[in-house]
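Report on one structure; see the data block that follows.
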Amino acid sequence: MNMLTVGELRKSFGVIAAVNGVSFAVEKGESFGLLGPNGAGKSTIINMITGLFPPTSGAVHMKDIDVIKNTKQAQKLIGVVPQEIALYQSMSARENLKFWGRMYDLSGSTLEKSVDEVLEIIGLTERAKDKVETFSGGMKRRVNIGAAILHRPELLIMDEPTVGIDPQSRNHILETVKRLNSEGMTIIYTSHYMEEVEYLCERIGIIDHGELIALGTLHELRETIGDHSKIVLSLDNKTSNHEIIPQTLTGHFLEKDIQLNDNQLIIFHKDPQFILSDLIQSVTSTGTKVTSVDIIEPNLESVFLHLTGRSLRD
Amino acid sequence: MTFWWLAIKDLQIVVRDKKAFLTLIMMPLLLIAILGAAFGDVMKQDDDVTIEKFTLGIANLDKGQLSTVLTDEVFTKALSKQIKVKYYDENGLREKIKDHTLSVGIIIPANFTASMMSGSESKVKLLTVPDPGIKATIVQTVIEQFSNSISIEVFATQLAQPVNAGNQTSVFQPKPSSDEITQPLIKETTINAKTKPVESFQYYAAAMGVMFLLMTVVQGVTTMILEKEQAVYNRLLLTKLTFTQYLTGKMIGLIIISLAQAFLIILGTKLLFGVDWGPSLSGIALMTVGFVFNACGLGILAGSFIKTEKAFSVAGMFATQIMAAVGGSMVPLYLFPDWVISITKFLPNGLALQTYLDLMSGATFSEILPAIAGSVGLGLMFFAIGLIRLSLERRGRYA
Ligand SMILES: Nc1ncnc2c1ncn2[C@@H]1O[C@H](COP(=O)(O)OP(=O)(O)O)[C@@H](O)[C@H]1O
Ligand SMILES: [Mg+2]
């Protein structure tokens, strides 16, 4: 059974269609990523999935529970890490966790045990007694996550949980999510950082302007752009006969895979390591020196660029 | 019982916020002290200042010494600026009141002096038109001051609608007849014999207390609206907590804070300034709960119309000031015309202040029960309208 099924989800705010017919399913135990630039509609999708507000149209099922009809019942299965820090600043980390645990009906020794475990998981056992307002952005984010996993939800839904934090905290969070997933928790993770989604998620949906423009495993998504790496050769600009280079290469590469911009030569190829020395040799044989080589493997950034003509972060 | 934890959390946060805590507890005491000292004199002279001179009808059946002192020395001489005294016989007085040529009159019983001398109870009858206003209060207060062992029977002459023109002569009847069962003509109220007038400092303690409670409620509702705009509110709605539980928890938190504040104001003014809050502590506590409930209801109703926390806190500040002013917290209620006082009963703080004053004057628990019921009733009504609006808005916004 799917953990979550979303069908033809739509949401309009006045004339703005924030989400425009999105369908996908998440299997039990899977880690699923929603990647998209700011304003793509990720949070709106999450808010409808979690039952915070109903969609304009469409269906959401958590296992076989209709989220729109039986919201409270469905919410028992999930933990939600909201995009913003949703904590009481003047209370300590432990007090916050205890409070949120109580909101999920935990009490007594179950609550204490759960709070201790979660503090351990988010790495804040030492700072448990300190007020949240004294914490760094990263530490707050970690408590924000902690408050969502106290009741051991089957499905953890995280909306951009690493926005604006230091690399160390980010790594800690990514490791934590990975660990929770490996322990069997189903994960839905939204981000506009493609590295995070690439690292964490088995399957990825790419969202743009409220629509799901691509859906698949990382491998499948790369395939959509031919899975070509990008080789960038910077050429010495003392030599000026760069124009002849593409001709000398046409025997080895397809014409559409060769681009020359001033003193940059760009080649698309599936196996760059394989042809790199030959390529450099061919170029130098024309009398042009190669000053640097960059190999850019196909990533979600290039997939997004390919699909929308825009970069993920602009 | 999740809502309890919500209430406890709110209390924790308030107690830790030193500024909020000081505002809640210290400011009221300080201001009561300052204003009580400053306005105390105004209160003492307020009859000079404002109340128009009126005529008091007296039917003195006693002719003894004490009644003469009361009528000649007190009413005629000492209060000459406020009161013009006219003497009637008993029936003449009743007639005058009945046809509204006179609005307040007293009948001093035949045994007045004798009873007073022997220390037993004597009842002065206070006759008034149905809506005598402040005049009756003044007369009553004077008599009470004259002797606080006198119990006064107030006969508020209720002018019932005549069934037909021919029936008009029977509108006022000194003795109840069988007619009145279907058509009550006289309402009789007996006021506690130990009724005491409210002193200026007492008045200000109550008035300021009510104002600060009002501010606490506005503050509480503002925080609620603020919280609604914050991520924690959404997160709360994602837990097991329902919207109703959320509201219940918030209300309980606010009621506990307000009760603590009321308790401290009462205790503080009692210990520091010797203010007498009357004998019924339970009356004060329950009235406070009723008041907070009522004011919260009004706040939530207002909140359902006002979208943002900023707008609400500005509007709330103005509304608090206006309500406090009209409700008697800034200017003594005695200075207002009667119809204003009646209308302010529909303001949570107006009703609360008047009830606190009643309690200070020795009203018993059962006497203020209608006020408590009224507060809760009004609060419920405000709540209901506010909630309906909120849920409609919620549906509308997200539909
Ligand atoms: N409550 C709202 N009212 C009006 N427009 C909204 C509201 N919430 C989101 N939007 C709009 O919907 C679009 C998607 O927003 P959002 O889901 O927050 O994007 P993301 O989370 O991917 O950054 C944006 O254009 C945003 O301005
Ligand atoms: Mg978002």
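The values are calculated or read from the model by the stated rules, or taken from the named source; none is laboratory data. Everything numeric in this text was worked out from a predicted model, so none of it was measured. For neighbour counting, all protein chains shown are included, and Cβ atoms are generated from backbone atoms with ideal geometry for every residue, glycine included.
Things worth noting here:
Quick grid of which residues meet (1) in contact with a Leu (Cβ under 9 Å, 6 or more places away or on another chain); (2) more than 9 Å from chain B (Cβ to nearest Cβ); (3) more than 24 Å from B:R16 (Cβ to Cβ):
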| position | (1), (2), (3) |
| --- | --- |
| A:E84 | no, no, no |
| A:G101 | yes, yes, no |
| A:G108 | no, yes, yes |
| A:A128 | yes, yes, no |
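- Qualifying positions in segment B:9-19 - more than 9 Å from chain A (Cβ to nearest Cβ) and within 13 Å of B:L254 (Cα to Cα): B:D10, B:L11, B:V14, B:V15
- Any hit, segment B:88-95, residues being at pLDDT 65 or above and crowded, with 20+ Cβ neighbours inside 10 Å: yes
- Boolean, A:N47 is more than 11 Å from chain B (Cβ to nearest Cβ) and either under 19 Å from the mean Cα position of the chain (by Cα) or modelled with pLDDT under 95 (or both): no
- Screening segment A:16-71 for residues that are free of Cβ contacts under 8 Å to residues at least 24 places away in the same chain and surrounded by 23 or more Cβ atoms within 10 Å (Cβ to Cβ) and picking the one that is nearest to ligand 2 (Cβ to nearest atom) gives A:N47.
- Number of positions in segment A:16-39 that are assigned to a loop (DSSP other than H, G, I, E, B) and more than 8 Å from ligand 1 (Cβ to nearest atom): 3
- Verdict on A:S136 being more than 16 Å from ligand 1 (Cβ to nearest atom), more than 14 Å from chain B (Cβ to nearest Cβ) and modelled with pLDDT of 95 or more: no
- Scanning segment A:50-76 for residues that are among the hydroxyl-bearing types (S, T, Y) and either part of a helix (DSSP H, G or I) or closer than 17 Å to A:L155 by Cβ (or both) yields A:T50, A:T71.
- Counted residues, segment A:77-114 - those being without any contact (Cβ under 8 Å) to a residue 60 or more places away in the chain, over 30 Å from A:N2 (Cβ atoms), away from ligand 1 (no atom under 16 Å from the Cβ) and not in a strand (DSSP E or B): 18
This table checks each residue for (1) part of a helix (DSSP H, G or I); (2) within 10 Å of chain A (Cβ to nearest Cβ); (3) free of Cβ contacts under 8 Å to residues at least 12 places away in the same chain; (4) within 33 Å of the chain's Cα centre (by Cα).
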residue: B:M215; (1), (2), (3), (4): yes, no, no, yes
residue: B:G220; (1), (2), (3), (4): yes, no, no, yes
residue: B:L226; (1), (2), (3), (4): yes, no, no, yes
residue: B:N234; (1), (2), (3), (4): yes, yes, yes, no
residue: B:L241; (1), (2), (3), (4): no, yes, no, no
residue: B:T248; (1), (2), (3), (4): yes, no, no, yes
residue: B:S258; (1), (2), (3), (4): yes, no, no, yes
residue: B:Q261; (1), (2), (3), (4): yes, no, no, yes
residue: B:L264; (1), (2), (3), (4): yes, no, no, yes
